[in-house]
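The values are calculated or read from the model by the stated rules, or taken from the named source; none is laboratory data. Given the structure is predicted, the values throughout are model-derived calculations rather than measurements. Cβ placement follows ideal geometry from the backbone for every residue including glycine, while neighbour counts extend to all protein chains displayed. SASA here: full protein model, heavy atoms, side chains in, ligands and nucleic acids out. Shrake-Rupley method; radii C 1.70, N 1.55, O 1.52, S 1.80 Å.
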Amino acid sequence: MLQGKKIVLGITGSIAAYKACSIIRLLVKAGAEVQVVITPAGKEFVTPITLSALTQKPVVSEFFSQRDGTWHSHVKLGLWADAMLIAPCTASTLGKMANGIADNMLVTTYLSMKAPVFIAPAMDLDMYQHPTTQQNMQRLRSFGNHIIEPKSGFLASGLEGKGRMEEPEQIVDMLDRFFEPKTLQGRRIMITAGPTYEKIDPVRFIGNYSSGKMGFALAEECSRRGAEVTLIAGPVSMACSAEIHRIDVESCEEMYQAATHHFAQQDAAILCAAVADFRPEHAAPQKIKREGDELVVRLQPTHDIAAAIGQMKREGQVLVGFALETNDEEANAKKKLAKKNLDFIVLNSLQNKGTCFQSDENQVSILAKDCRKDYPKKGKPAVARDIIDELERHLQA
């Protein structure tokens with residue numbers, strides 16, 4: 001899909017800049033034309049001579065390369081490109097991009113870019129986790145930029161944690177997939193994600209550990225394939241692309257109302273949220289004080305959203321559920337598949353360490369009425385691709 005595509009590759013001052021050479025080789029091998037724009041700090045890590053040799057193009061760094069009146073036009077680069085990739089992107093450049101501080105050629109090119117922008121952050125774990133960095137990434141996402149999440153691993157500081165730039169092969173694969181045909185163009189898909197919180201009093205609730213990562217990955221994958229996505233999100237801190245229609249809810253009641261309201265207009269729904277099965281019978285209007293040695297909270301069932309949507313489902317609609325099990329996994333998943341009128345169900349297990357809640361990875365099986373497909377442990381965006389591939393098969397049936 002990259003054959004003939006024009007890519008502006010932005011490189012900033014990170015030790016991960018050496019990986020940009022591999023990115024260029026992979027892009028060129030795939031048939032893309034690459035123009036490098038590098039910050040002054042980036043040139044301290046990888047030389048323009050190396051980059052020019054790989055791209056067969058002069059490297060752009062300064063606004064004015066000579067004193068004869070010629071200059072580099074960031075506007076022309078913005079019109080020329082089919083995509084812009086900034087890899088690696090430092091915390092400093094993230095902040096400048098998020099706030100429009102156009103003090104170098106790379107940021108001015110970004111601000112003039114008409115094509116989609118992909119950003120691969122690279123920094124130490126404390127910088128990555130800092131609220132400022134997280135806020136800047138959320139803001140850039142809200143502008144429609146695509147953030148390529150860094151990985152956890154060994155860092156240049158000698159520490160180990162999240163902040164290591166994604167590997168070149170995965171970055172180029174993501175670009176390649178972006179240019180694939182929009183196989184879900186014209187389809188409407190509703191996705192629920194995250195937990196629900198059921199209030200005990202104004203400061204306490206019943207909930208679970210769901211981060212929303214799997215549901216958000218599904219929403220992004222559907223949107224990338226051209227679908228019109230409605231994402232009903234429980235209380236999570238994640239951001240999503242601007243083109244996704246996001247509805248924020250807190251309780252099961254709110255999620256039920258939103259899901260049942262929107263489902264009739266959808267071609268498919270993926271119920272990925274970890275909805276609380278019970279809620280307090282009465283939520284106290286004020287904070288409950290600690291008095292005595294015990295507190296009794298009476299619970300009552302919440303709405304069964306999957307069952308309600310299953311009853312509403314009409315011919316031609318596809319309904320996908322999730323089952324997180326701790327025992328008798330396949331039997332429980334198949335029971336849910338039939339009882340709630342699902343077309344297929346995604347089974348995952350707490351027995352698989354390093355998956356499910358809060359994790360960046362998952363390991364799933366997909367069960368339909370007469371078949372089961374098992375998949376290896378993968379990052380959640382890759383798991384989302386497997387699930388949406390299966391959804392497409394059902395939509396085309």
Q.
Against the condition in a strand (DSSP E or B), farther than 18 Å from Ala269 by Cβ and not β-branched (Val, Ile, Thr), how does Lys373 come out, does it pass?
A. yes
(Q) Just to be sure I understand, how many residues within the stretch 211-235 are more than 28 Å from Asp173 (Cα to Cα) and not in a strand (DSSP E or B)? (A) 2
Q) So which residues in the stretch 361-384 are crowded, with 17+ Cβ neighbours inside 10 Å and either touching a residue at least 60 places away in the same chain (Cβ under 8 Å) or out of contact with any helix residue (DSSP H, G or I) (no Cβ under 9 Å at 6 or more places or on another chain) (or both)? A) Asn362, Lys380, Pro381, Val383, Ala384
Q: Run down Ser210, Ser241, Ser223 and say which single residue is surrounded by 23 or more Cβ atoms within 10 Å (Cβ to Cβ), polar (S, T, N, Q) and within 26 Å of Leu184 (Cβ to Cβ).
A: Ser210
Q) Only one residue in Pro168, Pro121, Pro131 is over 17 Å from the mean Cα position of the chain (by Cα) and touching a residue at least 40 places away in the same chain (Cβ under 8 Å). Which one? A) Pro168
Q: With a cut-off of at least 1 residues that are β-branched (Val, Ile, Thr) and crowded, with 16+ Cβ neighbours inside 10 Å, name the strands (runs of 3 or more DSSP E) lying wholly within the stretch 250-338.
A: 268-271, 318-325
Q. In this structure, is Val28 farther than 30 Å from Gly158 by Cβ, open to solvent by 40 Å² or more (accessible area, probe 1.4 Å) and either assigned to a helix (DSSP H, G or I) or at pLDDT 95 or above (or both)?
A. yes
(Q) On the basis of being free of Cβ contacts under 8 Å to residues at least 24 places away in the same chain, out of contact with any Lys or Arg (no Cβ under 9 Å at 6 or more places or on another chain) and within 27 Å of Thr133 (Cβ to Cβ), does Gly95 make the cut? (A) no
Q. Can you name the residue in the stretch 56-89 that is assigned to a helix (DSSP H, G or I) and open to solvent by 20 Å² or more (accessible area, probe 1.4 Å) and is also modelled with the lowest pLDDT among such residues?
A. His74
Q) From the list Ala53, Ala17, which one is within 14 Å of Ile86 (Cα to Cα), outside any loop (DSSP other than H, G, I, E, B) and either at pLDDT 95 or above or touching a Ser or Thr at 6+ places or on another chain (Cβ under 7 Å) (or both)? A) Ala17
(Q) Looking only at the stretch 226-237, filter to residues that are out of contact with any Pro (no Cβ under 9 Å at 6 or more places or on another chain) and modelled with pLDDT of 95 or more; which one of those is most open to solvent (accessible area, probe 1.4 Å)? (A) Glu228
**Q.** Top-ranked residue in the stretch 114-163 [being surrounded by 17 or more Cβ atoms within 10 Å (Cβ to Cβ) and touching a Phe, Trp or Tyr at 6+ places or on another chain (Cβ under 7 Å); ranked as farthest from Gly10 (Cα to Cα)]
**A.** Lys162
